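Every number in this text was worked out from the coordinates using simple rules, so none of it is lab data. What you see is a predicted model, and the numbers here were worked out from it, not measured in a lab. Glycine also receives a Cβ, built like all others from the backbone with ideal geometry; neighbour counts cover every protein chain displayed.
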Amino acid sequence: MEQTDVVAALAALAQENRLQTYRLLVQAGPEGMPAGQVASELGLAPNTLSFHFDRLRQAGLVTVRREGRSLIYAAQFDTMNALLGYLTENCCRGVSMSCAPQTCAPAARQPKTLSKRKTETV
């Protein structure tokens with residue numbers, strides 16, 4: 001991952017609503033989530049969320065696809081893995097076995113919803 005891509009990804013995540021949006025999409029897994037559902041679960045106005053989705057998409061952190069009339073957004077796990085790899089490339093003096101996991105993968109989705117007041121760790 002190039003340093004300019006790292007800076008773009010970190011800048012996109014350095015805003016509360018975008019970070020919450022990205023975490024919710026990670027919880028949703030590779031199938032993603034409709035934009036309206038994201039807006040509803042986070043209590044964000046659709047036009048505000050659209051702006052945040054654009055920033056995340058430009059940084060390569062999310063993808064979007066159309067299903068009928070819905071826009072489905074999904075976390076881009078490869079980009080997050082590359083970002084984590086870049087940030088931890090030289091951790092523990094280059095002995096990667098003693099560092100944190102190098103990959104990000106979706107966990108089994110739980111039926112809980114993420115609200116603005118209560119967030120869970122990804």
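Can you tell me the FRET efficiency between Ala45 and Glu67 if r is taken as the Cβ-Cβ distance and R0 is 25 Å, rounded to the nearest 0.05? Walk me through the numbers on the way to the answer.
Working: r = 22 Å, r/R0 = 0.88.
So the FRET efficiency works out to roughly 0.70.
In whole Å and largest first, what semi-axes does the C-alpha gyration tensor of the range 3-89 yield when each eigenvalue is scaled by 5 and square-rooted?
Values for the range 3-89, descending: 22, 14, 11 Å.
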Notebook entry, point to check: Which value, in debye to the nearest 20, describes the size of the charge dipole of the range 3-89 about its Cα centre when Lys and Arg Cβ atoms bear +1, Asp and Glu Cβ atoms bear -1, and nothing else is charged?
Noted result: 260
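Between Arg57 and Asn17, what length comes free when the chain is fully extended (0.36 nm per residue of separation minus the Cα-Cα distance, one decimal in nm)? The partial results should precede the final answer.
Details: separation 40, 0.36 × 40 = 14.40 nm, distance 1.42 nm.
Difference between extended and current length: 13.0 nm.
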